[in-house]
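Single-structure report; data block below.
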Amino acid sequence: MSSKSFLGTGMKFPPQIDPGTGRFSLSSGAQSVRESVYLILMTQRGERWLEPEFGSRILSYTFLDISPTTVTLLTNELRALLLEQEPRISDVQVELDPETREGCLIFNLSYTITETNTRDNLVFPFYLNPGEGETDGGVS
């Protein structure tokens with residue numbers, strides 16, 4: 001089995017139309033994994049009726065006092081969540097960026113793509129005040 005088939009091919013997130021074919025654009029390989037990680041983090045647990053356990057509880061941290069204890073709880077929860085819900089990755093590390101600005105926590109996520117044994121990373125901004133910042137699913 002090739003690593004590309006193991007990593008899969010799916011609809012690009014956020015959804016885009018391929019101008020050449022008029023069909024939904026697809027992503028594969030490491031990009032597909034990166035988009036899946038972002039989708040897990042941005043989907044509120046219980047939001048999908050057919051998969052109520054899919055997603056995170058990150059929004060429940062929105063109005064909490066952001067203390068070192070809260071940050072530790074959140075980073076540990078995100079790490080466990082990604083290991084549970086994304087079987088193509090291992091060795092997940094979640095760290096809070098020390099340059100975080102007021103109203104936004106910036107998490108640096110890194111993980112190993114199991115099939116190819118390559119490291120990848122994602123910078124994930126979490127806005128503490130709903131409606132602030134970009135939440136358009138910009139995964140690059």
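Could you grab me the full set of residues in segment 42-65 that are in contact with a Leu (Cβ under 7 Å, 6 or more places away or on another chain) and of a type outside the set (S, T, N, Q)? Give the steps one after another, and end with the answer.
So the first thing to find is which residues in segment 42-65 are in contact with a Leu (Cβ under 7 Å, 6 or more places away or on another chain), and the list is 44, 56, 58, 61-62.
If the condition is that a residue be in contact with a Leu (Cβ under 7 Å, 6 or more places away or on another chain) and of a type outside the set (S, T, N, Q), then Ile58, Tyr61 are the ones that fit.
Can you tell me which residue within segment 85-104, out of those that are of a type in the set (D, E, K, R) and surrounded by 16 or more Cβ atoms within 10 Å (Cβ to Cβ), is farthest from Pro125 (Cα to Cα)?
Within segment 85-104, the first condition is being of a type in the set (D, E, K, R), and the residues that meet it are 86, 88, 91, 95, 97, 99, 101-102.
Pick out the ones that are also surrounded by 16 or more Cβ atoms within 10 Å (Cβ to Cβ) and you get 86, 88.
Details: Glu86: 20, Arg88: 23 Å.
Out of the qualifying residues, it is Arg88.
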> Considering only strands (runs of 3 or more DSSP E) fully contained in segment 82-140, which possess at least 2 residues that are more than 17 Å from Glu35 (Cα to Cα), touching an Asp or Glu at 6+ places or on another chain (Cβ under 9 Å) and at pLDDT 80 or above?
Replying inline: 104-113
> How many of the residues making up segment 58-69 are in a helix (DSSP H, G or I) and either under 19 Å from the mean Cα position of the chain (by Cα) or of a type in the set (Phe, Trp, Tyr) (or both)?
Replying inline: 4
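What number of residues within segment 40-58 satisfy the criterion of being without any contact (Cβ under 8 Å) to a residue 40 or more places away in the chain and on the phi < 0 side of the Ramachandran plot? Give the steps one after another, and end with the answer.
Taking segment 40-58 as the starting set, the residues that turn out to be without any contact (Cβ under 8 Å) to a residue 40 or more places away in the chain are 43-57.
Pick out the ones that are also on the phi < 0 side of the Ramachandran plot and you get 43-45, 47-54, 56-57.
Of the residues in that region, 13 qualify.
Of Leu74, Leu64, Leu82, which residue is exposed (fewer than 14 other Cβ atoms within 10 Å of the Cβ) and touching a helix residue (DSSP H, G or I) at 6+ places or on another chain (Cβ under 7 Å)? So that I can check it myself, show each step before the final result.
Working: Leu74 fails: exposed (fewer than 14 other Cβ atoms within 10 Å of the Cβ); Leu82 fails: exposed (fewer than 14 other Cβ atoms within 10 Å of the Cβ).
On inspection, the qualifying residue turns out to be Leu64.
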>> If Gln93 meets every condition in (1) in contact (Cβ under 8 Å) with a residue 24 or more places away in the chain; (2) closer than 27 Å to Asn129 by Cα; (3) not small (Gly, Ala, Ser) apart from one, which number is that one?
In response: (1)
> Which condition number does Arg23 fail, the rest of (1) modelled with pLDDT of 85 or more; (2) within 19 Å of the chain's Cα centre (by Cα); (3) basic (Lys, Arg) being met?
Replying inline: (2)
> In this structure, is Phe6 at pLDDT below 95, over 18 Å from Leu122 (Cβ atoms) and either touching a Pro at 6+ places or on another chain (Cβ under 8 Å) or not polar (S, T, N, Q) (or both)?
Replying inline: yes
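The values are calculated or read from the model by the stated rules, or taken from the named source; none is laboratory data. Given the structure is predicted, the values throughout are model-derived calculations rather than measurements. Note that each Cβ is placed from the backbone with ideal geometry, even for glycine, and that neighbours are counted across all protein chains shown.
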